[in-house]
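Asks: This is the structure I want to talk about, given as structure tokens.
The values are calculated or read from the model by the stated rules, or taken from the named source; none is laboratory data. Quantities reported herein were computed from a predicted structural model and do not represent experimental measurements. Using ideal geometry, Cβ is built from the backbone for each residue, glycine included, and neighbour counts are taken over all protein chains shown. These area figures cover heavy atoms from the full protein model, side chains too; ligands, DNA and RNA do not enter into them. Shrake-Rupley method; radii C 1.70, N 1.55, O 1.52, S 1.80 Å.
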Amino acid sequence: MSSAAAPGSAVPLDLPPAKSAPLAIIAGGGSLPVAVAQAAQRAGRQVVMFPVRGWADAAVEAFPHHWIALVQAGRFRRLARSAGCRDVVFIGSAVRPPLGSLRLDWGTLRWLAYIVRSYRGGDGHLLSSVTRMFEDQGFHILGAHEIAPDILIPAGPIGHLEPLARDRADIECGLALLAAIGPFDIGQAAVVAANHVLAVEAAEGTDAMLARIAELRAKGRIPTPPGVGVLVKAPKPGQDLRIDLPAIGPRTVEEVARAGLAGIAVAAGGSIVADPAEMVAAADKANIFVFGIPGERR
């Protein structure tokens, strides 16, 4: 088994040129890993899936694949090098595991101190550290949107509905809030209704945050009527856009509708969408707007 290099010492890989080499996709949950793999194949590129046990869906097995456990960097490196991969994409939903639950393989043990330090911060800090670890082993990290640009949210309304003036005011409030809390690395989303901040995403994730809004509404704790309020999502200031872009999909629409909000606003060109046609159909059916926030307003 190949051993990992020490942090900060990149290892050149004796592999084919990047464009002709297979693409390694480290797959979390949801449909986005399959969408990215299909886009790569349409562009004439082979893919090798590395689905993470406990997170990835069985659908990834339609592609050449090797299941890996979390933090099996040694196994990944050996298998990826054997397949000729040098470009790597991280894509799919994931949950930050407790540090004590990690079971490192032999190829990752020498990174233990580095991984422990990486946990001393928010998710953005952790993911950036993981990215550097792979780069120090000689791999090139790509953003999923570089392989599948069609998964990026475009600017403007997506679907039949557009935000009203009051919704646009809530969007501006949400963007200002996310910019202000960005340095604390605590989340990519907030809910604002009538200029009143109802929730800020933290460790629970977007779906759980929206479920909390629905629960508060059921208890009469939300002062605004149903149909008022916006879920706002945007990357953190200075975020590495190759990893952990804000994502929405049909499930997000369902949760927004259940929370009694008017719609969803996400950073255009800085957010990705799973199952766009299904999401638009669900949004139109639920009378929920989905809006891509232009770059000049972020």
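Asks: Specify the residue that is farthest from the chain's Cα centre (by Cα); the eligible residues are those in region 222-238 that are surrounded by 22 or more Cβ atoms within 10 Å (Cβ to Cβ) and closer than 17 Å to residue 292 by Cβ. Give the derivation first.
Replies: Initial filter on region 222-238 (surrounded by 22 or more Cβ atoms within 10 Å (Cβ to Cβ)): 222, 229-234.
Subset that is closer than 17 Å to residue 292 by Cβ: 230-234.
Numbers: 230: 20, 231: 16, 232: 15, 233: 11, 234: 11 Å.
So the residue we want is 230.
Asks: Just checking, which of 161, 241 is touching a strand residue (DSSP E or B) at 6+ places or on another chain (Cβ under 6 Å), surrounded by fewer than 19 Cβ atoms within 10 Å (Cβ to Cβ) and in a loop (DSSP other than H, G, I, E, B)? Steps first, answer last, please.
Replies: Numbers: 241 fails: touching a strand residue (DSSP E or B) at 6+ places or on another chain (Cβ under 6 Å).
Among 161, 241, only 161 is touching a strand residue (DSSP E or B) at 6+ places or on another chain (Cβ under 6 Å), surrounded by fewer than 19 Cβ atoms within 10 Å (Cβ to Cβ) and in a loop (DSSP other than H, G, I, E, B).
Asks: Test of understanding: among 56, 80, which residue is modelled with pLDDT of 85 or more, open to solvent by less than 60 Å² (accessible area, probe 1.4 Å) and in a loop (DSSP other than H, G, I, E, B)?
Replies: Values: 80 fails: in a loop (DSSP other than H, G, I, E, B).
Checking each option against the conditions leaves just 56.
Asks: When you go through 159, 174 one by one, which is the residue that is modelled with pLDDT under 95, farther than 20 Å from residue 55 by Cα and not aliphatic (A, V, I, L, M)?
Replies: 159
Asks: Something else now. Give 266, 200 a once-over and let me know the one that is among the aliphatic types (A, V, I, L, M) and without any contact (Cβ under 8 Å) to a residue 24 or more places away in the chain.
Replies: Only one candidate qualifies: 200.
Asks: Still on this structure: Quick one: would you say residue 267 is within 14 Å of residue 190 (Cα to Cα), crowded, with 23+ Cβ neighbours inside 10 Å and over 19 Å from the mean Cα position of the chain (by Cα)?
Replies: no
Okay, residues lined up against (1) open to solvent by 30 Å² or more (accessible area, probe 1.4 Å); (2) at pLDDT 75 or above; (3) touching a His at 6+ places or on another chain (Cβ under 6 Å):
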{"residue": "63", "(1), (2), (3)": "no, yes, no"}
{"residue": "75", "(1), (2), (3)": "yes, yes, no"}
{"residue": "84", "(1), (2), (3)": "no, yes, no"}
{"residue": "98", "(1), (2), (3)": "yes, no, no"}
{"residue": "128", "(1), (2), (3)": "yes, no, no"}
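Asks: Find all pairs meeting these conditions: Cβ atoms under 8 angstrom apart; at least six residues apart or on different chains; first residue within region 53-82 and closer than 14 Å to residue 33 by Cβ and touching a residue at least 40 places away in the same chain (Cβ under 8 Å); second residue open to solvent by 70 Å² or more (accessible area, probe 1.4 Å) and of a type in the set (A, V, I, L, M).
Replies: Matching pairs, first to second residue: 55/95.
Asks: Here is a further query. Restricting to region 186-217, count the residues that are outside any strand (DSSP E or B), open to solvent by 30 Å² or more (accessible area, probe 1.4 Å) and either modelled with pLDDT under 95 or not hydrophobic (A, V, I, L, M, F, W, C) (or both).
Replies: 10
Asks: Looking at (1) part of a helix (DSSP H, G or I); (2) loosely packed, with under 15 Cβ neighbours inside 10 Å, find the lone condition where residue 283 falls short.
Replies: Residue 283 satisfies every listed condition except (2).
Asks: Could you check region 249-261 and list, in sequence order, the residues that are of a type in the set (A, V, I, L, M, F, W, C) and open to solvent by 10 Å² or more (accessible area, probe 1.4 Å)?
Replies: Filtering region 249-261 down to residues of a type in the set (A, V, I, L, M, F, W, C) leaves 253, 256-257, 259, 261.
Across region 249-261, the qualifying residue is only 257.
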